[in-house]
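Below is one structure, written out as structure tokens; the observations come after it.
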Amino acid sequence: MKKYIQLFVATTVASIIFTACTNDFEEKNTNPNAPESVDPQFLLTNVVSVSSDLSAYQQGFRQANYLAQFAASIEFERIDRYEMGSNSEYWSAIFRLLSDIKSMKASPAANDAYVAVGDIMQSYLFSQLTDLWNDVPYTEAVAALDGNFAPKYDTQESIYTDPETGLLAVLSKAVTTLENTNNVIQGDIMFQGDLNKWVRFANSLQVRYLLRISKRTTDFTALQSLADSGKLMQSNADNAVVPYLASAPNQFPMFNAALGLYQEHTMTKTVETVLTAWDDPRVAVLYKPTEASKNSATPEYNGLQNGQSSSTINANGIDLNNISLFGSIFRDVADGIDAQYMQYSEVQFALAEAVTRGYITGDANTYYQNAVTASFEYYNTPIPDDYFTRPAISLDGSANDLEKILTQKWLSLINVGHEAWFNVRRTGIPNLVPGPDNFNNNKYPVRYLYPESEQATNSANYKEAVDRIGGDNINSKGWWEK
């Protein structure tokens, strides 16, 4: 996989730890041996490196790939059967990172560029919170530094759309700042201080979020303006990714993980069906041939149905030697993949969808082919000469065009945190069917549970939010997906 950034330093810095659900904040987070403040460049490095790694490995590879049916478990990963839990570790990690961002922006050594970049990262992290849990603390989220240990839960609608504090407004303001500053930033391990790339990332995030809420709006003026601006990601060179490195400690964690954990991530029947229909060569990068066929002249790529218990697998006589595992880039090469926030291909797929749905004007086929081509290039896989003429691939102006666009987009989002899951929840494409041994009454889940600590330490606000969203269960849909 091509690398666009040459240096990834996983720097651990002394940071002010914040968790929305902790009632002994001062006791746990006062370190008399730590410095009073940390230089903003180190805080920026920490925020980008930690959040990208969390998204790529624990959240992307270990969890979301099951929810999006890129991976199927053979025994132990019960999230594949929709035993979701609260994902409280990620909740807490996000709030710690948000606290670091607040410290970075408030640092005496910070400038307006650091503040704007901090706002972009803050918007990304808050979108993670609301899209994983629904209504969450937002406007008061990091108020513990000011003595408020029971922040209110904002509605998902206001988190996205408030004209002053909403994610879209904050991103737009950050872009304006970066386009008009002469200041510079250091510690940027993603774009190496290139503020133009931060502008393209922020604008591209706005496209992502405008599509996210597209069911709940009729005004797509901002989306059209972004599409016409020339200030979105222009190629894979603009991808918001942080490469893993060949040397420790900055390797992709699955490279050093136990073999049994790796073997829990098999190819799925869903992926097999799609890639077989497309006759798509990316399969050989994303997955391995089956153990039984790997030395043959015609290696096979076979998937396992999601959501099966080990007893069901055994009862059905499934030979795991005939099931494919994830590809070498995820296991055998320490720097085989990037920790991804967003790729250029996602932006082009989004614009193709927007044109096809009639939200904006433009050439859907051009956007679509740009997106697919970029995905092939990202995985260093030559695109077949006839690829866009194949009936299963080509857009023909029919009602099937949207399914083709969104299914290709789904594949391109493999290991991009939870983004593929968000898109499936929003669009229903592809149609992901719960497995036979799921724990959710054959329903496709749409959120994690709130952390139990919220019930104990932020009870009143927790109860108000639970009543508002329709119950603290994994089937309570958020505002944008209803």
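The values are calculated or read from the model by the stated rules, or taken from the named source; none is laboratory data. Since the structure is predicted, the reported quantities are computational estimates derived from the model, not experimental observations. Virtual Cβ from ideal backbone geometry, glycine too; neighbours counted across all protein chains shown. Calculation scope for accessible area: heavy atoms of the full protein, side chains included, ligands and nucleic acids excluded. Shrake-Rupley method; radii C 1.70, N 1.55, O 1.52, S 1.80 Å.
Quick rundown of the values:
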read-out: Expected-Rg normalisation [2.2 N^0.38 Å, Cα atoms] applied to the stretch 274-326; value: 1.21
read-out: Extended-chain gain in nm, criterion 0.36 nm per residue less alpha-carbon gap, SER310 and ALA109; value: 66.8 nm
read-out: The stretch 309-399, dipole about Cα centre (Lys/Arg Cβ +1, Asp/Glu Cβ -1), debye to the nearest 20; value: 240
read-out: Tensor-based shape of the chain (alpha-carbon gyration tensor, a/c under 1.5 rounded, otherwise prolate or oblate); value: rounded
read-out: Shape metrics for the stretch 146-231, restricted to C-alpha atoms - Rg then Dmax, Å; value: 15.2, 45
read-out: Rounded to whole Hz, the Karplus (6.51, -1.76, 1.60) HN-Hα couplings of the stretch 388-397, x for glycine and proline; value: 7, 9, 6, x, 6, 10, 5, 7, 10, x
read-out: Within the stretch 147-266: Cβ-based charge dipole about Cα centre, in debye rounded to nearest 20 (Lys, Arg +1; Asp, Glu -1); value: 120
read-out: Spin-label model distance (nm) - ILE318 vs THR361, 7 Å beyond Cα toward Cβ; value: 5.0
read-out: Ratio of Rg to Rh over the stretch 89-212 (Cα coordinates, Kirkwood Rh, two decimals); value: 0.95
read-out: Segments 237-244, 214-221 sorted - mean Cβ within 10 Å per residue, highest first; value: 237-244, 214-221
read-out: In range of the label at ASP279: residues from the stretch 379-409 whose backbone nitrogen is under 20 Å from the point 7 Å along Cα→Cβ; value: 381-396, 404-405, 408
read-out: Inter-site label distance for ARG216 and GLU464 at 7 Å from Cα along Cβ, in nm; value: 1.8
read-out: Amide H partners (placed H, <5 Å) of VAL241, local residues excluded; value: TYR341
read-out: Reachable lysines from LYS463, criterion Cα separation under 23 angstrom, eight or more residues apart if same chain; value: LYS152, LYS477, LYS482
read-out: Cα-centred dipole magnitude for the chain, charges only on beta-carbon of K, R (+1) and D, E (-1), debye, nearest 20; value: 520
read-out: Karplus 3J(HN,Hα) series, Hz, for the stretch 71-88 with 6.51 cos²θ - 1.76 cosθ + 1.60 (x for Gly, Pro); value: 10, 10, 8, 9, 6, 9, 8, 6, 4, 5, 10, 6, 8, 7, x, 9, 6, 5
read-out: Residue-count net charge about LYS197 - beta-carbon cut-off 11 Å; Lys, Arg +1, Asp, Glu -1; value: -1
read-out: Prolate/oblate/rounded label for the stretch 410-455 (Cα gyration tensor, a/c 1.5); value: oblate
read-out: Karplus (6.51, -1.76, 1.60) ³J(HN,Hα), θ = phi - 60°, over the stretch 240-257, in Hz, Gly and Pro reported as x; value: 8, 9, 10, x, 6, 10, 6, 9, 5, x, 9, 8, 4, x, 5, 4, 9, 6
read-out: The chain: antiparallel DSSP beta bridges as a percent of all, rounded to 5; value: 90
read-out: Carbon + sulfur, % of accessible area of the chain - ligands and nucleic acids excluded, 1.4 Å; value: 47
read-out: Positive-end extreme of charge dipole, the chain - chosen from ASN314, GLY230, PRO249 (charges on Cβ); value: ASN314
read-out: Column: log10 I(q)/I(0), Debye, Cα scatterers of the stretch 237-370, q = 0.11, 0.13, 0.16, 0.17 Å⁻¹; value: -0.57, -0.76, -1.00, -1.06
read-out: Distance (nanometres) between label positions extended 7 Å along Cα→Cβ at GLU164 and LEU449; value: 3.7
read-out: LEU325 long-range amide H proximity, modeled H, under 5 Å; value: MET267, LYS288
read-out: Per-residue [θ]222 nm for the chain (sum of -39500 (n - 2.57) over DSSP H runs n ≥ 4, rounded to 500); value: -12500 deg cm²/dmol
